2 protein chains.
Amino acid sequence: MSDVDETDHRLLALLHEDGRRTYSEMAGEVGLSVAAVKRRVDRMREAGVITGFTVQVDHVKLGWGVEAFTELRYTGRTGVNDIVTTATTVPEVQAVYTIAGDPDALVHVRVRDLPHLQSVIDTLRRAGTVTGTKTLMVLGSWTREG
Amino acid sequence: MSDVDETDHRLLALLHEDGRRTYSEMAGEVGLSVAAVKRRVDRMREAGVITGFTVQVDHVKLGWGVEAFTELRYTGRTGVNDIVTTATTVPEVQAVYTIAGDPDALVHVRVRDLPHLQSVIDTLRRAGTVTGTKTLMVLGSWTREG
DNA sequence: CCTGAAAGCTAGCCCGC
DNA sequence: GCGGGCTAGCTTTCAGG
């Protein structure tokens, strides 16, 4: 398995705060050489511990100010893949979580406004044999290190 | 407001795929000079459209293999801030969403195992005047660009 | 918005422990 | 296996046009 030591965790924490930090800056923080830091980061990418780097965006400033979670319930005949496949093809869907118990899935969506939300929910409702949905409107959110 | 044009959106999409992409690579993609790309990215950071850059991590490989959403319900006397403050001080909490209606909040947690999950839920339950919780265990997840 | 040059960074070596 | 130091080439940065 992946052998991630204390120094690796510190590097991950530094990259979590700022994914564009330079190797030389991190080297100074953890007390290693630039080459050693690069080797550790490369190794974590190779091992799949680091899956990538991304930009964090304020969606409200881009006009996508409405966020919601929709709980999905569907019949026993509907496979999990049907739901996930449909949901992932809807661009407004940010994430899909399959759940043990009730509901069967939780879908995180981000939309421009309420009519837009309604159309997305309608799309989800038509996926597979959905027996019911319940949508939780997000009023405010806090994300670690957002 | 923020004036984000088509080129800016293409830059955001490129950075979303790979937050460590170089300005020169993006310049080639959008057909601008390196300096022009840097100025646009700097401007978006300044405007708050870009809030930061971060690394994406496979938490399962780090031994945090259990993920769940906990719905919280609390009394009218409990302020939203009480819940959010408590939740954000719990390191296992990834995100807190305050919700319109029922439940009052949705908390995304990531833990090592089930006993660990139980202790986190107990902590949340003691926050403010929580009247009830319902935890949705995540079996599988898909995240856009995860 | 582009060009150009200096400073800084990255990526790949070799070497020692 | 781990680390450090080096260098060539690229990237970033900040003038100026």
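Values for this structure:
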item: Tally of residues being of a type outside the set (A, V, I, L, M, F, W, C), touching a helix residue (DSSP H, G or I) at 6+ places or on another chain (Cβ under 8 Å) and within 16 Å of DNA strand C (Cβ to nearest atom) across region A:26-51; result: 4
item: Number of the condition not met by B:R20 [criteria: (1) over 19 Å from A:F53 (Cβ atoms); (2) at the interface with another protein chain (Cβ under 10 Å from one of its Cβ atoms); (3) within 15 Å of DNA strand D (Cβ to nearest atom)]; result: (1)
item: Top-ranked residue of region B:2-22 - restricted to ones that are away from DNA strand C (no atom under 12 Å from the Cβ), free of Cβ contacts under 8 Å to residues at least 40 places away in the same chain and in contact with a Leu (Cβ under 9 Å, 6 or more places away or on another chain), ranked as least open to solvent (accessible area, probe 1.4 Å); result: B:L12
item: Condition broken by B:R73, with the remaining ones in (1) more than 16 Å from DNA strand C (Cβ to nearest atom); (2) in contact with a Gly (Cβ under 7 Å, 6 or more places away or on another chain); (3) within 24 Å of A:V60 (Cα to Cα); (4) of a type outside the set (D, E) satisfied; result: (3)
item: Selection status of A:T86, surrounded by 12 or more Cβ atoms within 10 Å (Cβ to Cβ), within 18 Å of the chain's Cα centre (by Cα) and closer than 18 Å to B:L136 by Cα; result: no
item: Qualifying residue in region B:123-137 (condition: facing chain A (nearest Cβ under 7 Å) and surrounded by fewer than 18 Cβ atoms within 10 Å (Cβ to Cβ)); result: yes
item: Residues satisfying the stated conditions in region A:31-51, i.e. within 9 Å of DNA strand D (Cβ to nearest atom), surrounded by 17 or more Cβ atoms within 10 Å (Cβ to Cβ) and under 28 Å from B:G65 (Cβ atoms); result: A:V37, A:R40
item: Failed item, numbered, when B:I99 is tested on (1) under 23 Å from A:D58 (Cβ atoms); (2) open to solvent by 60 Å² or more (accessible area, probe 1.4 Å); (3) under 18 Å from the mean Cα position of the chain (by Cα); (4) at pLDDT 95 or above; result: (2)
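The values are calculated or read from the model by the stated rules, or taken from the named source; none is laboratory data. Predicted model, so just to flag it, every value in this text is computed and none were measured. Methodologically, a virtual Cβ is constructed for each residue, glycine included, from the backbone with ideal geometry; neighbour enumeration extends over all protein chains shown. Note: areas computed on protein heavy atoms with side chains; ligands, DNA, RNA excluded. Shrake-Rupley method; radii C 1.70, N 1.55, O 1.52, S 1.80 Å.
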